[in-house]
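The values are calculated or read from the model by the stated rules, or taken from the named source; none is laboratory data. Not measured: the values here are computed from a predicted model. Here the Cβ positions follow ideal geometry from the backbone for every residue, glycine too, while neighbour counts run over all protein chains shown.
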Amino acid sequence: MKDLKDKRKKILVLILIFIIILCVLFKMAQAKDLNFQEDLIFFKLFGIGNIQENSQEENFNKENTYEVKVVKGQNNYQKVDLLQSIDMETLVKEKIAPGTKGSFYVYLTSNANMNYEIEIVDKNESPKNFKFEISEKQGRIEKNKIKKVEVNWEWPYELSSKENVQDTKDGKNISEYDFEICTIGK
């Protein structure tokens with residue numbers, strides 16, 4: 001009787017250790033954005049966790065990411081919060097100001113093969129020296145695939161004395177600046 005209890009305890013301890021190891025490996029893989037499902041086939045067999053099958057899948061829970069469905073003939077708008085995308089090393093007194101920069105990602109999805117275009121649409125007047133750079137302003141997206149597009153922004157400073165005066169003026173109104181990403185399916 002005692003031998004049976006000891007065997008059960010040992011089996012239970014081994015199962016718990018195995019589960020802990022799996023959880024640690026899973027969390028490490030998620031942190032590195034690896035496709036853990038491909039590395040460990042038993043996750044695929046047992047369907048453990050909320051793991052996506054698409055190898056291009058990225059983590060949409062990040063604060064500086066935006067998911068947009070591209071639809072043929074439609075313009076989709078997505079509001080962006082610059083404070084969520086700022087490079088913290090350039091932050092000036094917890095505010096966006098000349099000299100700051102940042103980036104965010106737009107994840108495009110579609111249920112059909114089509115061309116797309118991405119634009120930045122100002123909802124009000126932007127700072128004169130504020131610049132956006134979209135990695136793939138236009139391109140093609142394949143059906144049921146995810147396309148990751150990086151958008152970098154920068155507000156350079158000390159370009160000239162005239163620009164500095166403009167930056168100071170624009171800096172007073174930066175909290176009111178509002179824009180959206182517009183994705184057009186073609």
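Report whether or not residue 94 is under 23 Å from residue 163 (Cα atoms), surrounded by fewer than 18 Cβ atoms within 10 Å (Cβ to Cβ) and modelled with pLDDT under 85.
yes
In region 126-173, which residues are at pLDDT 80 or above and of a type in the set (A, V, I, L, M)?
134, 141, 146, 149, 151, 165
I'd like to check which strands (runs of 3 or more DSSP E) are fully inside region 98-146 and have at least 2 residues that are surrounded by 15 or more Cβ atoms within 10 Å (Cβ to Cβ) and more than 17 Å from the chain's Cα centre (by Cα).
In region 98-146, 114-122 are the strands (runs of 3 or more DSSP E) which contain 2 or more residues that are surrounded by 15 or more Cβ atoms within 10 Å (Cβ to Cβ) and more than 17 Å from the chain's Cα centre (by Cα).
Starting from region 167-182, take each residue that is farther than 30 Å from residue 70 by Cα and list its partners that are surrounded by fewer than 15 Cβ atoms within 10 Å (Cβ to Cβ), counting only C-beta distances under 6 angstrom and pairs at least six apart or across chains.
Matching pairs, first to second residue: none at all.
Which ones in region 147-156 are surrounded by 13 or more Cβ atoms within 10 Å (Cβ to Cβ) and either among the β-branched types (Val, Ile, Thr) or in a strand (DSSP E or B) (or both)?
Correct list: 147, 148, 149, 151, 152, 153, 154.
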